[in-house]
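Read-outs: derived from the displayed coordinates by stated rules, not from any lab. The model shown is predicted, which means the values in this text are computed figures rather than measured ones. Every residue, glycine among them, receives a Cβ derived from its backbone with ideal geometry; neighbour counts consider all protein chains shown.
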Amino acid sequence: MSQIRLRFAPSPTGYLHVGGARTALFNWLLARKEQGKFILRIEDTDVARSTQESVDAILEGMAWLGLDWDEGPFYQSDNFPLYKQYVQKLLDAGKAYKCYCSAEELEAKREKAMKEGGKPKYDGTCRNLPPQPDDGRPYVVRFKAPQEGSTSWNDLIKGTISFENAELDDLIIQRTDGTPTYNFVVVIDDATMNITTVIRGDDHVNNTPRQILLYEALEVPVPSFAHVPMILGADKARLSKRHGATSVMAYRDMGFLPEAMVNYLVRLGWSYGDEEIFGLQDLIQKFSIESVGRSASVFNPDKLLWLNAHYIKNGDPVRLAGLVTPFLKDRGVDPAGGPDLVAVVKTLQERAKTMLELADGAVFYYKDDFDYDESGVAKAFKPETPSLLEALLAKLDSLESFSMESIEGLFKGFCEEKGIKLGQIGPAVRLALSGTTASPGIYEMILVLGKGETRKRVERALARLGK
Ligand code: GLU
């Protein structure tokens, strides 16, 4: 079999949204699985709506997700001469024609047809005109589409789809100003880039029969098509900003990891038994376009959060430390001025569901000017607490080796000696070190903060709370 060639073809009229990212991911996965090529094409023929800012945002989103491409990015705006050439080719072959009908005439015909209960379709006035003199009259170029028979394809996701040719219009392929139209340029690009499989959103299903007829007219191979069902919000309406963030990069800013996003996106429509967790390499092996479901999927933020928590919990602390640093800086924390950030991350990654939570949870390690949780203080600080804390500090000072085991041993020994339960001293220590009642484990915190800082914080708490 010849090599599979796939493409992602975003229109740069906004950021990379969740649906586009999923389309890109499916294309990328199949290319990697089949050792084919993944091509990036920027569909910027709509000059008025396309912006460089959007191109940059799309590239940034793909880079963040780890979707690298083998060829491109190609820009349609660089290809205008090529499109012109192909328009001419179809004209020369008698497969396209110049249409001189004015916009007003067309509008009048459309209205008449509608009134008479007919289809608002081009009536073919110019379809069989004899060659016209080149007298500067404005014209569009229309594709001479077959008027009988049907056009069908075996969609890799949706099965056989068929359209009656009589339903399809003689598509305009070049406007009066000489610019080519959308369906035409997509076909020329897919054909000249030798795309073998087109995976795209199912909002393009209606374009496909028109595109197939163009491939046939150009006498080039028709690619396979896979139309991916839509993504819906919880209310079953098409996913939009109403449902929350739809920009992929907004999820990074909300503290999501790219691997969680990828894992979540692939599960929007694709399944593999009842497995939920997939790493990239795993996905490359297991993914197939035929296992993408036919029905729309519902975006579930809780599930994304669950996956994110999973990847943070199992993430490499060194990498997480790097990723959390900008979030800490946003919180006015410079991790260089405090305990080792990797050690800090290790104490937090078990419980943080997002990198924002991880950052919030890390702040107390670096800022010791926090307030104390009031209800926590009321519960943890009893009249006997200050003297217990003093005694504990003395023991800590004399601790020879400083490790999780030795700290734990110290607390056990201390409780036995004083005849108290850990619950009578632990919560006070926790508050003194972190200001909160929900923090990493006490021994872990002491280990990360070190003896000196632990003493400083306990003394600060005693001065403030230990009346
Ligand atoms: N540019 C189109 C879009 O962003 C995609 C066209 C295609 O994949 O054929 O929806």
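Let me have the relative contact order for the chain, percent, based on Cα pairs under 8 Å that are six or more residues apart.
12 percent
Using r as the Cβ-Cβ distance of E408 and F80, and R0 as 60 Å, what FRET efficiency do you calculate, to the nearest 0.05?
0.25
For the range 207-262, count all C-alpha to C-alpha pairs, find those more than 17 Å apart, and express that count as a whole percent of the total.
Cα-Cα pairs in the range 207-262 separated by more than 17 Å: 62 percent.
What lysines could a cross-link reach from K95, if we take a straight Cα to Cα line under 27 Å and drop same-chain neighbours fewer than 8 places away?
K84, K109, K119, K121, K144
Quick one: Cα centre-to-centre distance for the range 292-325 and the range 120-161, in angstrom?
47 Å
In whole Å, how far is the Cα centre of the range 31-84 from that of the range 188-204?
13 Å
Can you tell me the orientation of helix 182-192 relative to the chain, as the angle in degrees between its alpha-carbon axis and the longest Cα principal axis, to the nearest 10?
80 degrees
Using only the alpha carbons, work out the radius of gyration and Dmax of the chain in angstrom.
Cα-based Rg and Dmax for the chain come out at 32.1, 109 Å.
By how many nm would the segment from E148 to E374 lengthen if fully extended, with 0.36 nm per residue of separation less the alpha-carbon distance?
Net length gain for the segment: 73.4 nm.
Extent of the range 23-153 along each principal axis, from alpha carbon coordinates, in Å, largest to smallest?
Over the range 23-153, Cα extents along the principal axes are 53, 35, 30 Å.
To the nearest 10 degrees, how steep is helix 355-366 against the longest Cα principal axis of the chain, on a 0 to 90 scale?
30 degrees
When a footprinting reagent is the concern and you count Cβ atoms within 10 Å, what order do T454, T179 take, fewest first?
T179, T454
Suppose the Debye formula is applied to equal point scatterers at every Cα of the range 233-305; what is log10 I(q)/I(0) at q = 0.14, 0.20, 0.25 Å⁻¹?
Here log10 of I(q) over I(0) equals -0.48, -0.95, -1.28.
When the scattering of the range 226-373 is computed by the Debye formula from its Cα atoms alone, each counted once and equally, what is log10 I(q)/I(0) at q = 0.21 Å⁻¹?
-1.26
Give or take rounding to whole Å, what are the principal axis extents of the alpha carbon atoms in the range 409-467, in descending order?
Here the Cα extents, ordered largest to smallest, are 28, 26, 22 Å.
Dipole of the range 116-230, Cα-centred, from +1 at each Lys and Arg C-beta and -1 at each Asp and Glu C-beta, to the nearest 20 debye?
60 debye
Roughly how big is the chain's charge dipole about its Cα centre, with Cβ charges of +1 (Lys, Arg) and -1 (Asp, Glu), in debye to the nearest 20?
640 debye
Rg and Dmax in Å for the range 177-219, alpha carbons only: what are they?
For the range 177-219, the Cα-based Rg and Dmax read 10.6, 32 Å.
Output the 0 to 90 degree angle, nearest 10, between the alpha-carbon long axis of helix 317-330 and the longest principal axis computed from the alpha carbons of the chain.
The helix 317-330 is inclined about 90 degrees to the chain.
With Kirkwood's inverse mean 1/r over C-alpha pairs for Rh, give me the Rg to Rh ratio of the range 35-100, two decimals please.
1.14
Starting from 0.36 nm per residue, how many nanometres of slack lie between S387 and H204 once their C-alpha separation is accounted for?
Residue separation times 0.36 nm, minus the Cα-Cα distance, leaves 58.5 nm.
Within the P(r) computed for the range 164-248, what percentage of the Cα pairs occupies the region above 20 Å?
Cα-Cα pairs in the range 164-248 separated by more than 20 Å: 48 percent.
Which number comes out as Rg/Rh for the range 137-210 once both Rg and the Kirkwood Rh are worked out on C-alpha atoms?
Radius of gyration relative to Kirkwood radius: 1.00.
Bin all alpha-carbon pair distances of the range 334-467 at 10 Å intervals from 0 and give each bin's fraction as a whole percent.
12, 45, 35, 8, 0
Considering only the other residues whose Cβ falls under 15 Å of the Cβ of G94, what net charge follows from Lys and Arg at +1 and Asp and Glu at -1?
Taking every other residue near G94 into account, the sum is +2.
Across the range 255-392, how many lysine pairs, 8 or more positions apart or on different chains, have C-alpha atoms separated by under 13 Å? Please give the number.
Count of close lysine pairs: 4.
Treating only the Cβ atoms of Lys and Arg (+1) and Asp and Glu (-1) as charged, compute the dipole magnitude of the range 76-182 about its Cα centre; round to the nearest 20 debye.
100 debye
Relative to the present Cα-Cα distance, how much length would full extension add between K395 and T125 at 0.36 nm per residue of separation?
Stretched out fully, the K395 to T125 stretch lengthens by 87.3 nm.
Stick to the Cα atoms of the range 25-65, pair each with every other, and give me the Kirkwood hydrodynamic radius in Å at one decimal.
One decimal place: 11.8 Å for the Kirkwood radius.
List the trypsin sites (Lys or Arg not before Pro) within the range 184-262 that fall in a DSSP loop (any state other than H, G, I, E or B) and whose Cβ has at most 11 other Cβ atoms within 10 Å.
Filter output for the range 184-262: K236.
Computed over the Cα atoms of the range 66-136, what is the convex hull's projected area averaged over all directions, in nm²?
9.1 nm²
Using Cα-only point scatterers and the Debye equation, what is log10 of I(q)/I(0) for the range 178-299 at each q in 0.22 Å⁻¹, rounded to two decimals?
Once normalised to I(0) and log-transformed, intensities are -1.23.
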